[in-house]
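A short write-up of the structure that comes next.
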Amino acid sequence: MCGITGFIRSSSPGADKETLRRMGETIIHRGPDAGGEYLDDWVGLGHRRLSIIDLSPLGNQPMYSADGRYLIVFNGEIYNYRALRAELEGAGHVFRTKTDTEVIVHGYEQWGRDVLSRLRGMFALALWEQGNQRLLLARDRAGEKPLYYWQQG
């Protein structure tokens with residue numbers, strides 16, 4: 001099942017590590033196997049994991065790209081991740097896990113936002129570009145996985 005949480009610091013100036021931890025605790029029932037957080041000056045992202053595809057700790061999130069430029073929190077399942085992985089490996093990408101999450105990160109490195117049109121499945125995700133301070137929020141076309149946000153102002 002999994003679950004993701006997060007905030008942008010400019011919209012939530014009082015948000016801190018404790019806020020992010022508490023947000024994760026409210027959805028622990030969605031992911032009892034593991035949890036993780038990322039916090040910098042711009043954004044806080046949290047994840048609760050229900051281990052299904054890659055049961056190893058390498059599948060925990062937030063998950064970083066190999067060069068550390070991107071990180072993702074993801075909830076869902078990408079049905080065509082094996083085909084996408086094979087295509088990415090053919091383009092020279094090297095994988096550390098067996099997860100569909102890592103396929104999304106490598107796909108973003110390869111195709112940018114166009115990776116979203118290649119994903120077949122049910123998902124909600126937040127992908128953070130650390131260098132550009134850009135946050136991509138996306139969910140599957142049918143809206144099967146929840147993605148709620150609030151914007152002040």
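Evaluate E = 1/(1 + (r/R0)^6) for Lys17 and Ala66, where r is the Cβ-Cβ distance and R0 equals 22 Å; express this FRET efficiency to the nearest 0.05. List each step's numbers first, then the result.
Working: r = 26 Å, r/R0 = 1.17.
Efficiency computed from Cβ-Cβ geometry: 0.30.
Per-residue HN-Hα couplings for the stretch 116-128, Karplus 6.51 cos²θ - 1.76 cosθ + 1.60 at θ = phi - 60°, whole Hz, x for Gly and Pro?
Rounded to whole hertz, the list is 4, 6, 8, 7, 10, x, 10, 6, 9, 8, 10, 10, 9.
Please list 3J(HN,Hα) in residue order for the stretch 80-96, calculated via the Karplus relation 6.51 cos²θ - 1.76 cosθ + 1.60 where θ = phi - 60°; whole Hz, with x for glycine and proline.
For the stretch 80-96, the Karplus curve yields 9, 5, 5, 5, 5, 4, 4, 5, 5, 4, x, 8, x, 6, 10, 9, 9 Hz.
Excluding ligands, DNA and RNA, what is the solvent-accessible area per residue of the chain at a probe of 1.4 Å, expressed in Å²?
Numbers: 8310 Å² over 153 residues.
Ligands and nucleic acids excluded, the figure is 54 Å² per residue.
For the full complex of protein chains and a 1.4 angstrom probe, list Asp100, Asp41 by accessible area with the highest value first.
On the way: Asp100 10, Asp41 135 Å².
The residues order as Asp41, Asp100, largest area first.
How much net charge surrounds Arg120 when only the other residues with a Cβ under 15 Å from the Cβ of Arg120 are counted, with Lys and Arg +1 and Asp and Glu -1?
On the way: positive: Arg82, Arg85, Arg118, Arg139, Arg141, Lys145; negative: Glu77, Glu87, Asp100, Asp114, Asp140, Glu144.
Taking every other residue near Arg120 into account, the sum is 0.
Can you give the Rg to Rh ratio of the stretch 1-123, both from alpha-carbon atoms, with Rh computed by the Kirkwood formula? Working shown, then result.
On the way: Rg = 14.6 Å, Rh = 15.0 Å.
Rg divided by Rh gives 0.98.
Can you give me the % of accessible surface on the chain that is carbon or sulfur? Probe 1.4 Å, all protein chains present, nothing else counted.
Working: 4190 of 8310 Å².
Of all accessible area on the chain, carbon and sulfur atoms account for 50 percent.
If I model a spin label at Trp42 and Phe95 as a point 7 Å from the Cα along the Cα→Cβ vector, what separation in nanometres do I get?
Modelled inter-label distance: 2.8 nm.
Val43's amide H: which non-local residues (gap 5+, or another chain) put their own amide H closer than 5 Å, with H modeled 1.01 Å from N in plane and none for Pro or chain starts?
The list, which skips near neighbours in sequence, is Arg9.
Show me 130-143, 15-28, 112-125, 73-86 ranked by packing, highest mean number of other Cβ atoms within 10 Å first. Kindly include the intermediate steps, with their values, before the conclusion.
On the way: 130-143: 13.1, 15-28: 14.6, 112-125: 16.6, 73-86: 19.0.
So the order, starting with the most tightly packed, is 73-86, 112-125, 15-28, 130-143.
Pop a pseudo-label 7 angstrom from the Cα along the beta-carbon direction at both Ala142 and Ala86 and give the gap in nm to one decimal.
2.4
The values are calculated or read from the model by the stated rules, or taken from the named source; none is laboratory data. This is a predicted model, so every value here is computed, not measured. Neighbour counts are summed over all protein chains in view; Cβ atoms, including those assigned to glycine, are modelled from backbone coordinates with ideal geometry. Side chains are part of the model used for accessible areas, which takes the heavy atoms of the whole protein and leaves out ligands, DNA and RNA. Shrake-Rupley method; radii C 1.70, N 1.55, O 1.52, S 1.80 Å.
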